[in-house]
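K.L.:
Structure in structure tokens, see below.
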Amino acid sequence: MSVVHHFRKKPNAFTWANVDSIPLAVEGIKGAAKNILIGKNEGAPNFIMRYFELESGGHSRLERHPHEHEVIVLRGEGIVQIGQEKHAVTPFDTVFVEGDELHQFSNPHDEPFGFICIIPRLDPK
């Protein structure tokens, strides 16, 4: 089943039609929301495309796991930590996080920081 989720830029939010923004209330994560743009519900067999938005002072968990990440920044500015190195990123910068690499995304700025993150689908088809 092929699907199109139309982008709806609102003055203070990035949203897509028929996609819920899910606040992440998980230990180690602060001020983050996830939008699953393409995944299981769309019938995608191999990958999941998500949009994450970090509010000012927000961050993802500092973690490592076997799967990789492909990221493109769409909104605001942020910091990505890969291993022990930290990199400033801005809109349209891309990031590849190799599997098992320690990583974290954070927003030390006043404006929201948003990015697309693609990962392999890990659950059974």
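Only the coordinates and a few stated rules stand behind these numbers; no lab work does. Keep in mind the model is a prediction, meaning the values are calculated, not measured. Here the Cβ is made from the backbone with ideal geometry for all residues, glycine too, and neighbour counts use every protein chain on show.
K.L.:
Students often get this wrong, so try it: which of [x] 27.8, 100; [y] 16.2, 54; [z] 14.2, 41 is Rg and Dmax of the Cα atoms in Å as calculated from the structure shown?
P.N.:
Entry [z].
K.L.:
Springs between alpha-carbon pairs under 10 angstrom, Gaussian network model over the chain: which of 78, 39, 28 fluctuates most?
P.N.:
In the Gaussian network model the winner is 28.
K.L.:
Looking at the range 1-105, which chymotrypsin sites (Phe, Trp or Tyr not before Pro) are in a loop (DSSP not H, G, I, E or B) and have at most 15 other Cβ atoms within 10 Å?
P.N.:
92
K.L.:
Ranking 121, 8 by Cβ neighbours within 10 Å, fewest first, what do you get? Kindly include the intermediate steps, with their values, before the conclusion.
P.N.:
Numbers: 121 15, 8 11.
Ranking 121, 8 by Cβ neighbours within 10 Å, fewest first, gives 8, 121.
K.L.:
Name the residues whose placed amide hydrogens come within less than 5 Å of the amide hydrogen of residue 24, ignoring near sequence neighbours (fewer than 5 apart) on the same chain.
P.N.:
Answer set, sorted by chain and number: 32, 33, 34.
K.L.:
If you don't mind, there's one more thing I want to ask. How about the range 1-81: which GluC sites (Glu not before Pro) there are in a DSSP loop, with at most 11 other Cβ atoms within 10 Å of their Cβ? The partial results should precede the final answer.
P.N.:
Numbers: sites: 27, 42, 53, 55, 63, 68, 70, 77; in loops: 27, 68, 77.
Passing sites in the range 1-81 are 27.
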